[in-house]
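Nothing in this text is a laboratory measurement; each read-out follows from the coordinates by a stated rule. Predicted model only: the values in this text are computed from it and were never measured. Quick reminder, even Gly has a Cβ in these numbers, built from the backbone with ideal geometry, and neighbours come from all protein chains shown.
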Amino acid sequence: MRPRIYISIFATIGIFSARADDDLPKRLNFDHYKGMLDHSPFAVASAVVAPAATPNFAKDLYVTSAAKAPDCDMVTIASTGDKEFKKYLTTCGGPVDGYAIANIEWSDKVGETKVTIGKDGQFATLTFNQQLITQPLPNRPAPGVVPPPLQPGFQKPGQNPGVVAPTPHVRGTIQRNPQPQPQPPPPDAEQ
């Protein structure tokens with residue numbers, strides 16, 4: 001009886017395994033979906049690639065000085081990135097290393113003059129560096145601060161206390177319209 005049971009179990013397993021192979025679908029080739037992928041109505045639109053931006057030639061440039069003259073105007077430009085960069089431009093001269101003045105908007109207010117410069121067909125408007133304008137100059141008091149008068153023999157605070165500062169030379173007052181001084185009478189000549 002046992003052999004019959006084993007035979008029937010193996011026969012049943014063989015039938016189900018044969019049916020299981022038929023139930024699973026065959027894997028389709030991916031080329032089957034290529035048409036849908038190429039012409040899908042739900043595809044994300046491709047972003048238009050912007051042309052590579054050319055670097056701004058005046059990104060770090062600022063005006064250090066501007067002056068009017070009867071013949072031509074003069075401007076000095078410098079860079080915050082390169083401390084050695086300084087260009088002296090004039091309206092009467094040609095370009096300097098490719099930099100040229102296109103326009104100057106003069107202002108009566110300090111630090112508000114605007115200079116438009118050009119280089120290689122590109123233009124940029126430069127202004128004064130506001131950080132440099134607002135900071136006090138070294139060894140000079142800030143605007144509105146009156147320094148105390150120096151007295152001979154005293155040194156300025158902050159100097160080396162071990163070294164005595166020499167007394168500064170002070171010139172006497174010069175009169176605008178000097179009055180003739182009376183001359184003392186000549187000594188009597190003994191004859």
(message) Give me a comma-separated list of calculated 3J(HN,Hα) values for the range 96-111, in order, Karplus coefficients 6.51, -1.76, 1.60 applied at θ = phi - 60°, integers in Hz, x for any Gly or Pro.
(response) 10, 6, x, 8, 8, 7, 9, 7, 10, 9, 6, 9, 6, 7, 5, x
(request) Once you have the Cα-Cα distance between Ile174 and His39, take 0.36 nm times their residue separation minus that, and quote the gain in nm to one decimal. (result) 38.9 nm
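Can you give the Rg to Rh ratio of the range 61-133, both from alpha-carbon atoms, with Rh computed by the Kirkwood formula?
Values: Rg = 11.6 Å, Rh = 12.4 Å.
That ratio is 0.93, to two decimals.
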(request) Search the structure for amide H atoms under 5 Å from the amide H of Asn129, placed 1.01 Å from N in the peptide plane, and list their residues when 5 or more places away or on another chain. (result) Val63
(request) Pull up the cross-link candidates among the lysines for Lys87, meaning alpha carbon to alpha carbon under 19 Å and not fewer than 8 places away within one chain. (result) Lys59, Lys68, Lys114, Lys119
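What is the sum of charges, Lys and Arg at +1 and Asp and Glu at -1, for the other residues whose Cβ falls under 14 Å from the Cβ of Phe57? Display every interim value, and only then the final one.
On the way: positive: Lys59, Lys87, Lys119; negative: Asp60, Asp82, Asp97, Asp120.
Counting the neighbours of Phe57, the net charge comes to -1.
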